[in-house]
Amino acid sequence: MSDAQSTWHLDGGRAMTLAGSGEARRLAVARGRVWLTLSGTAEAPAEDQWLEAGEALALAPGQTAVLEGWPAADFQLLLPPVSAAAGRGLLGRRFFGG
């Protein structure tokens, strides 16, 4: 991953596992094509999907994904923005005694 660009690169033939997170995330393909397998739930089995450059997919909280570039790909793993009110609540109490 490049710190400046926050973009991950997948070489062809290499797989990467994105562990589940406590919050929703968005996987966006910047270049190439990604083959991914999403973890299943009690209601829905695991599934394979293809994402092309310019496409994105929402990952639910706790959902894992195994990705492979075909033949290679660049992608971003994006987090939803935190609302200003939520940020103020945490920082306000901690730093400003609010």
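Expected output is a single nm value to one decimal: the length gained when fully extending between residue 21 and residue 50, i.e. 0.36 nm times separation in residues minus the C-alpha distance. What is it?
Here the segment from residue 21 to residue 50 would lengthen by 8.3 nm.
So what are the ³J(HN,Hα) numbers for segment 21-32, from phi and the Karplus equation (6.51, -1.76, 1.60; θ = phi - 60°), rounded to whole Hz, Gly and Pro as x?
Coupling constants for segment 21-32: 10, x, 9, 5, 9, 10, 9, 10, 8, 8, 8, x Hz.
Read-outs: derived from the displayed coordinates by stated rules, not from any lab. What you see is a predicted model, and the numbers here were worked out from it, not measured in a lab.
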